[in-house]
Amino acid sequence: MRLRFALFVIALATPLHAALFDWPTENRALLEGRPQDFFMYVNRNFEGEETKPWEGGSFGFVRGPQRQDGDVIYTTLHEGIDIAPVRRDASGNPLDEIRASAEGLVVHTSREAGASNYGRYVVIEHKIEGCRFYTLYAHLSEITCQPGQRVSQGDKIGRMGFSGAGINRERAHLHFEIAVMLSENFETWHRQHFAGSPNKHGLYNGLNLVGIDPTPILLESAKNPASRLGDHIRSREPFYKITVPDSAALSLVRQHPWLVPDGEPASPSAWTIAFTQYGFPVEARASIESTKEPKVTWVADTHQAYPHATRGILAGSPGAARLSDSGKRFIHLLCGDL
C-alpha cells in the first residue's frame with residue numbers, strides 16, 4: 001500500500017509532457033514577477049547620468065540610447081537574454097550550473113575565451129516539430145560537454161562565468177539565445193565578405209544564427225508544456241517583407257516548413273519573406289510576381305529611421321525603403337548568389 005501511494009504521488013508530481021524549453025540556470029525570478037532579479041543589468045552612462053537598468057539584459061533594442069526629436073530611442077540589438085547568477089563564492093565568482101534547455105545534440109563548443117564576444121560558449125541543435133532550432137549558452141567559465149554529445153533537458157553543459165568582451169566578475173551572467181540557422185553556405189559567404197577575419201566557429205558563428213526572444217517562450221513552456229514553437233513564431237508581428245528570387249541555396253525555407261503556411265508550390269519563381277524588426281523570419285509565401293533582384297515590398301509604420309528600427313538591414317525614407325549594404329549581405333547569406 002505504501003509503495004502504491006508513493007508511486008501515485010510521484011505520478012501527480014510528474015508533468016505529462018516535458019516543457020518545450022526549460023530554464024538554463026536555477027534562476028526562476030521571472031516566474032515570481034521579479035525581472036530585476038532575473039536579468040543582469042548593464043552599466044549605462046547616458047547624457048552624464050550613470051544607471052544600471054536590468055532592461056539592458058532583456059531581448060531586443062534595449063541598448064545604445066540616443067535622443068531623437070526629444071525622445072530617447074534604443075538602437076543596439078541584444079539578440080538574447082542575460083540571466084543573472086543565483087549563487088556566488090566568497091570571491092564573487094558565479095557558481096550556477098548551466099543546463100541544456102531542451103534535449104538535443106551538442107554541435108559546437110568554443111573553449112577559447114577570446115575567440116569571440118561570446119567568450120566560451122556552447123551551441124546545441126534541437127529537432128522541434130520536425131525542424132532544427134538552436135540554443136546558445138555564452139560567457140561560460142567552463143564547458144563540460146563535447147561536440148557530438150547528445151544531452152537531455154536539464155543536463156549540465158557548463159558553469160556560468162564572465163568570459164568574453166566587456167564583462168567583469170560583478171556582471172557575470174549567462175547569455176542565452178533561441179535561434180534558427182540562416183544558411184548552410186555560411187562559410188563560403190563569410191570568406192567572400194570578411195576575407196580578412198578568420199571564422200573559428202564554422203556554421204555556428206553568431207552571424208549565422210538569428211534569435212527570437214526566449215523570455216515568452218520560457219514562460220509559456222513553464223505554463224503549458226505542450227505549447228508549440230511554430231505557433232509562437234507565427235504569432236510574432238512582422239516588420240518588413242522582402243521578395244527574393246527562388247534559389248536552390250534558400251535552405252531557410254526548405255528546412256523550416258512552419259514558415260510556409262500555404263505549403264511550397266512545385267516551382268515558385270520568387271518568395272516574399274516576412275521578418276521581425278530583429279531579422280527573424282516569421283513567414284514565407286510564394287510570390288505571384290517574379291523578380292530578378294531582392295526588393296523590399298512592405299514595411300510597418302515607424303517613427304524611427306529604418307536603420308535604427310531594423311538593425312541596419314533597411315535604409316531609405318518612408319515609402320521608399322531599400323536594402324542597405326548590410327541588408328544586401330544579409331539576403332546574399334539567405335539566398336546565395338542571385
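Structure summary
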item	result
Boolean, ALA309 is touching a residue at least 40 places away in the same chain (Cβ under 8 Å) and surrounded by 14 or more Cβ atoms within 10 Å (Cβ to Cβ)	yes
SER326 being out of contact with any strand residue (DSSP E or B) (no Cβ under 6 Å at 6 or more places or on another chain), within 18 Å of LEU209 (Cα to Cα) and among the polar types (S, T, N, Q)	yes
Breaking point among (1) of a type outside the set (A, V, I, L, M, F, W, C); (2) in contact (Cβ under 8 Å) with a residue 24 or more places away in the chain; (3) in contact with a Pro (Cβ under 8 Å, 6 or more places away or on another chain), for PRO257	(3)
Output for the range 64-110, where each listed residue is basic (Lys, Arg), farther than 22 Å from PRO214 by Cβ, in contact with an Asp or Glu (Cβ under 8 Å, 6 or more places away or on another chain) and at pLDDT 95 or above	none
Residue count for the range 119-142, restricted to those that are under 13 Å from the mean Cα position of the chain (by Cα) and over 18 Å from SER183 (Cβ atoms)	4
Subset of the range 180-221 [part of a helix (DSSP H, G or I) and under 30 Å from GLY92 (Cβ atoms)]	GLY206, PRO214, THR215, LEU218, LEU219
Some residue of the range 323-335 being farther than 26 Å from ASN205 by Cα and either in contact (Cβ under 8 Å) with a residue 24 or more places away in the chain or in contact with a helix residue (DSSP H, G or I) (Cβ under 7 Å, 6 or more places away or on another chain) (or both)	no
Single match in GLU177, GLU125 (criterion: in a strand (DSSP E or B), within 20 Å of LEU77 (Cβ to Cβ), of a type outside the set (A, V, I, L, M) and at pLDDT 95 or above)	GLU177
Single condition SER287 does not satisfy, out of (1) at pLDDT below 95; (2) within 20 Å of ARG132 (Cα to Cα)	(2)
Tally, over the range 74-119, of residues that are free of Cβ contacts under 8 Å to residues at least 40 places away in the same chain and on the phi > 0 side of the Ramachandran plot	0
Qualifying residue in the range 276-299 (condition: without any contact (Cβ under 8 Å) to a residue 24 or more places away in the chain and surrounded by 15 or more Cβ atoms within 10 Å (Cβ to Cβ))	no
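Condition check ((1) closer than 19 Å to LEU334 by Cα; (2) modelled with pLDDT of 95 or more; (3) surrounded by 14 or more Cβ atoms within 10 Å (Cβ to Cβ)) across all residues:
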{"position": "ALA226", "(1), (2), (3)": "no, no, no"}
{"position": "SER235", "(1), (2), (3)": "no, no, no"}
{"position": "LYS241", "(1), (2), (3)": "yes, yes, yes"}
{"position": "ALA249", "(1), (2), (3)": "yes, no, yes"}
{"position": "LEU252", "(1), (2), (3)": "yes, no, yes"}
{"position": "TRP258", "(1), (2), (3)": "yes, no, yes"}
{"position": "ALA266", "(1), (2), (3)": "no, no, no"}
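The values are calculated or read from the model by the stated rules, or taken from the named source; none is laboratory data. Quantities reported herein were computed from a predicted structural model and do not represent experimental measurements. Every residue, glycine among them, receives a Cβ derived from its backbone with ideal geometry; neighbour counts consider all protein chains shown.
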